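In what follows, a structure is listed as structure tokens, so that the remarks can point back to it.
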Amino acid sequence: MKVLPSRSSEVATPGPARQPATAMIEIDHVSQVFQTSARKDHLALSDISLTIEDGAFVSILGPSGCGKSTLLYIVGGFVSPTSGSAKVKGKTITAPGPDRGPVFQEFALFPWKTVLGNVMYGPRQQGVRATEAEAQSRALIEMVGLKGYENFFPKELSGGMKQRVALARTLAYHPEVLLMDEPFGALDAHTRTRLQNDLLNIWERDRKTVLFVTHSVDEAVFLSDKVVMMSRSPGRIRQVIDIDLPRPRRRTELLLDPRYQKYVVDIERMFDDIDEAGVNP
Amino acid sequence: MTSSAAIGRRVAPLLACIGLLAAWQVAALALKNDSFPTALEAMRAVPAILGDKEALINILASLRRMAIGFAAAVAVSIPLGLLMGRSRTVAAFFNPLLMVIYPVPKAALMPIIMLWLGVGDIAKTLVIFLGVSLPVIYHSFEGAKAVEEKMLWSGAAMGLSAAQCLVRIVLPAALPEILTGCRTGLVLALITMITSEMIARQSGAGNILFNALDMGQYDTVFAMIIIVGAMGIGLDAAFEKVRARLVRWSEPQFDMPLSFS
Ligand SMILES: Nc1ncnc2c1ncn2[C@@H]1O[C@H](COP(=O)(O)OP(=O)(O)OP(=O)(O)O)[C@@H](O)[C@H]1O
Ligand SMILES: [Mg+2]
């Protein structure tokens with residue numbers, strides 16, 4: 001077995017050629033207030049500060065309704081925060097852009113486009129020639145396990161298949177930052193594991209920055225450099241846990257690794273605490 | 001596989017037509033009223049009308065006005081409805097205007113429009129335009145409003161501008177709803193076409209119908225009703241074909257061509 005040094009130890013290695021990790025995303029004292037239909041202000045995010053380094057894989061973990069999606073939308077530029085600011089590569093985020101690719105919880109596929117049409121949409125918009133965009137898109141569709149479904153319309157796909165198309169569609173235009181909102185939520189265990197591995201392979205190859213929202217402790221630990229634990233009402237960062245496990249990670253090996261098991265158990269305990277706190281506010 | 005249910009679906013409309021004509025025939029024979037010809041008499045008058053050059057010119061003139069009025073209305077109403085659906089400001093500006101126009105029977109505006117524009121093509125085409133506009137605006141508006149926000153966000157993340165999003169995402173996403181409006185609009189175009197010609201008698205299918213009524217040629221009156229009805233059914237069926245093809249990606253809907261939907 002070949003164990004490569006983990007990223008964190010790579011960064012820690014002293015040497016003149018090593019660049020210090022640069023910040024890709026800086027979230028600075030962000031709060032988000034929503035007006036509910038009852039005309040009451042609802043504090044969805046409270047004073048969130050978080051820095052995500054270039055090339056890091058960061059997961060956001062927290063109970064339902066704690067503001068994970070909202071935080072992702074702010075980084076995406078789809079929602080502007082009530083106070084505070086978010087920056088990408090040092091520039092304040094004011095609008096969406098192709099440097100940040102979202103994969104939404106609701107898929108949001110274009111129903112009038114086929115699977116291929118959906119995946120090709122981004123590259124075509126960016127001016128990639130049709131033949132080239134098509135070849136790349138077909139390869140991506142194959143990667144997410146949908147070969148043979150290129151000419152299907154979204155309504156003809158299952159929930160899990162739609163989710164995979166959404167992932168391929170975003171990967172197709174090569175965003176530097178991936179903003180993934182429970183992208184594997186609707187998948188069966190087997191496909192989920194496969195796509196987690198594929199995502200890790202892509203990430204290890206391209207070193208994209210990934211902000212990954214999930215409900216699953218297991219998934220967060222397996223994939224991430226850092227896990228951000230959030231608590232509910234109002235959404236706050238409870239704790240940031242560095243996951244110091246070697247890469248490339250193999251699921252079967254990790255499951256037997258006591259360090260992995262300890263991370264999972266520790267975080268799950270923390271999750272339980274938050275849940276209890278959420279029940280009696 | 002052609003199941004008996006499929007055959008039944010084919011035969012049912014035919015049976016309905018025959019049933020209607022038979023009931024008409026029986027009722028007319030029973031009533032023996034001069035102003036109520038039998039179905040056979042009315043149908044015998046149809047080829048006579050369609051064979052008459054003058055009548056044909058009249059009908060074609062009607063259809064031309066209808067086509068122009070419909071096309072112009074669709075061309076204006078779809079962009080307007082979509083803009084209203086995506087912009088509160090645009091909606092707030094046009095909504096009161098439309099609310100005033102909506103309940104007014106468009107044919108009731110005919111006298112005023114005739115006063116301004118005369119009895120010619122322009123006035124009649126304008127009335128058709130007004131009749132078609134409202135359902136198309138309304139359905140485009142509803143369709144645009146219902147477009148999933150995340151779909152627009154996905155587009156924006158790919159680099160589409162707001163205007164591009166409107167044309168390349170809102171328009172196709174709202175298309176099923178828009179086409180439902182257009183279909184209602186098409187039937188309304190036919191109705192306003194006839195009523196406008198009833199008020200401004202000068203030419204057209206409505207003109208033939210109401211002149212025949214004045215002169216007591218009841219078989220011609222009923223023959224014209226059959227012709228106009230057939231035109232409506234034909235146009236609607238043709239439009240439904242086009243619609244089904246354009247939105248075959250959409251959720252499967254009750255796909256029977258119901259004209260009153
Ligand atoms: N547009 C909105 N208007 C009003 N309140 C909102 C809006 N969007 C989100 N909220 C509120 O903000 C809070 C956070 O929502 P968010 O969708 O970010 O949660 P989440 O952590 O992604 O939940 P889940 O895991 O269930 O997806 C919720 O309490 C929700 O009610
Ligand atoms: Mg969410």
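The values are calculated or read from the model by the stated rules, or taken from the named source; none is laboratory data. Please read all numbers here as calculations on a predicted model, not as lab measurements. Using ideal geometry, Cβ is built from the backbone for each residue, glycine included, and neighbour counts are taken over all protein chains shown. Keep in mind that these areas ignore ligands, DNA and RNA; they rest on the heavy atoms of the full protein, side chains included. Shrake-Rupley method; radii C 1.70, N 1.55, O 1.52, S 1.80 Å.
If A:H29 satisfies every condition in (1) open to solvent by less than 60 Å² (accessible area, probe 1.4 Å); (2) away from chain B (no Cβ under 14 Å) but one, which is the exception?
Looking at each condition in turn, A:H29 falls short on (1).
Residues to consider are A:G127, A:G65; find the one that is in a loop (DSSP other than H, G, I, E, B) and within 16 Å of ligand 2 (Cβ to nearest atom).
A:G65
Can you name the helices (runs of 4 or more DSSP H) wholly within segment A:182-281 that have at least 3 residues being out of contact with any Pro (no Cβ under 6 Å at 6 or more places or on another chain) and either without any contact (Cβ under 8 Å) to a residue 12 or more places away in the chain or open to solvent by 50 Å² or more (accessible area, probe 1.4 Å) (or both)?
Here the list reads A:189-206, A:251-256, A:258-279.
Identify the single condition in (1) within 14 Å of chain B (Cβ to nearest Cβ); (2) more than 16 Å from ligand 2 (Cβ to nearest atom); (3) under 19 Å from the mean Cα position of the chain (by Cα) that A:L179 does not satisfy, given that it satisfies every other one.
It fails just one condition, (2).
Which residue, of A:V119, A:V79, A:V75, is aliphatic (A, V, I, L, M) and away from ligand 2 (no atom under 16 Å from the Cβ)?
A:V119
Exactly one of these conditions fails for B:K32: (1) open to solvent by less than 60 Å² (accessible area, probe 1.4 Å); (2) farther than 30 Å from B:L166 by Cα. Give me its number.
The number of the failed condition is (1).
Condition check: at pLDDT 95 or above and over 21 Å from B:R64 (Cα atoms). Does B:A212 satisfy that?
When the stated conditions are applied, B:A212 does not pass them.
Given the criterion of a type in the set (V, I, T), more than 9 Å from every other protein chain (Cβ to nearest Cβ) and within 16 Å of ligand 1 (Cβ to nearest atom), identify the matching residue among A:T94, A:T70, A:T51.
A:T70
Those residues that are under 21 Å from A:T94 (Cα atoms), open to solvent by less than 10 Å² (accessible area, probe 1.4 Å) and among the polar types (S, T, N, Q), I need them from segment B:143-196; list them, please.
B:S154
Out of curiosity, is A:A86 more than 26 Å from A:A186 (Cα to Cα), hydrophobic (A, V, I, L, M, F, W, C) and within 12 Å of chain B (Cβ to nearest Cβ)?
no
Within segment B:2-56, restricting attention to residues that are assigned to a helix (DSSP H, G or I) and touching a Leu at 6+ places or on another chain (Cβ under 7 Å), which residue is farthest from B:D219 (Cα to Cα)?
Here the answer is B:L56.
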